[in-house]
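Everything on this sheet refers to the single structure shown next.
Since every read-out is calculated from the coordinates, none of them should be taken as a lab result. Just so it is clear, the structure is predicted and the values come from calculations on it, not from any experiment. Note that we place each Cβ from the backbone using ideal geometry, even for glycine, and neighbour counts take in every protein chain shown.
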Amino acid sequence: MSVNTDNFANCKTNVKESEEKFELKKNVGFWSGVALIIGTVVGSGIFVSPVGVLKSVNGSIGVCLLVWVGGGLIAMMSALCYCELGASLRASGGDVTNFRAAYGPAVSFVFTWSRVMINPGPTITLKVFGSYLLSPFYSDGCTPPDSTIKLIAILLLCFLIYLNCVSVKKTVKFEIAFSIIKFLAMALIAVSGIACLALGNKVGGTNFQNGFASGPVRTITAFDVGMAFYQGSWSYTGYRALYLISEEITNVKKNLPRATVVGLSVVIVMYILVNIGYLSVMGNQNGTYLIKARLPFAAARSRLMPRIFSMIYTK
């Protein structure tokens, strides 16, 4: 019995081509990319880190604001480096893809499992959300029970996982909505503080008049500056969000760097205004789950994790 080897070869070629084209849909455009950057970067950090940054620079208002600007510029430059990689490789998975291309599957395998099994960041963010959500229901001096905070965090986690499983488009819309809410909250803090400053609030006036007072500045060491940047860096975590889903961005060479620059620029300006608002009167998760899911997806597609993680719901 004869076998037509030409047809067999053509069949193999067609299968290979279809496998190469099997990728995530491009559902993320410029504005949704900007919203994703903002929504992923802006989280609990901006409501927690300012105190730590100010303490690290010995209460110097001027140096504190410079640290926030410097931290934002560092995040911007780092993000642009990742944008170059994303526009070149055009594949989801972030460092899973990078390490596989640069060092081989062994390093990519170790990195993947370490990130999947050891990643406390989202857990901390969810607990902070639960704590803030419950705090208004408890009187002064009382803190919500840890078990209740964990329950709220688990419920939110389940909801976000469900949302990401249902639709990327719905997830992005949800991210846009909550980005607006986050900015309204920051705008309320910034406008209220600046209004108090304009109306002659003595605390704010004293703070900014002595912004670079020699006393606190003279006692600042290199270690203090490093600690201040370390404290502030928590608020800029997520700057490479779009790079992690570059495979899903329309016109990636154009939209990836532009959305990253615009998104981070807006974040930096808002962070400065929020800090001014704080100093005038006193001395992150949905997007995270959208981008984090691409890490095991890319690893499974490269056979570094069980193949089930590389499956995509076609509808």
(request) Highest first, please rank the peptides 227-233, 30-36, 46-52 by the mean number of other Cβ atoms sitting within 10 Å of their residues. (result) 30-36, 227-233, 46-52
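Between the DSSP loop rule and a limit of at most 12 other Cβ atoms within 10 Å, which trypsin sites (Lys or Arg not before Pro) in segment 79-151 are left?
none
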(request) Quick one: of Lys170/Lys253; Lys182/Lys253; Lys150/Lys202; Lys169/Lys254; Lys26/Lys150; Lys55/Lys170, which pairs are farther than 31 Å apart, Cα to Cα? (result) Lys150/Lys202; Lys26/Lys150; Lys55/Lys170
(message) Just want the answer: with Cβ charges of +1 for Lys and Arg and -1 for Asp and Glu, which residue in Ile161, Thr250, Phe183 is farthest toward the dipole's positive end in segment 27-305?
(response) Thr250
(message) Can you give the FRET efficiency to the nearest 0.05 for Ser214 and Val69, using r as the Cβ-Cβ distance and R₀ = 35 Å?
(response) 0.95
(request) Scan [x] 18.8, 64; [y] 23.7, 71; [z] 23.1, 97 for the value of Rg and Dmax of the Cα atoms in Å calculated from this model and give just the label. (result) [z]
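In a shell of Cβ-Cβ distance under 13 Å around Ser108, excluding Ser108 itself, what net charge do Lys and Arg (+1) and Asp and Glu (-1) give?
+3
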(request) Can you pull the one-decimal nm distance between simple spin-label points at Ser135 and Val269, each 7 Å off the Cα toward Cβ? (result) 2.8 nm
(request) Taking the Cα centre of segment 27-305 as origin, work out the dipole magnitude from +1 charges on Lys and Arg Cβ and -1 charges on Asp and Glu Cβ, in debye rounded to 20. (result) 620 debye
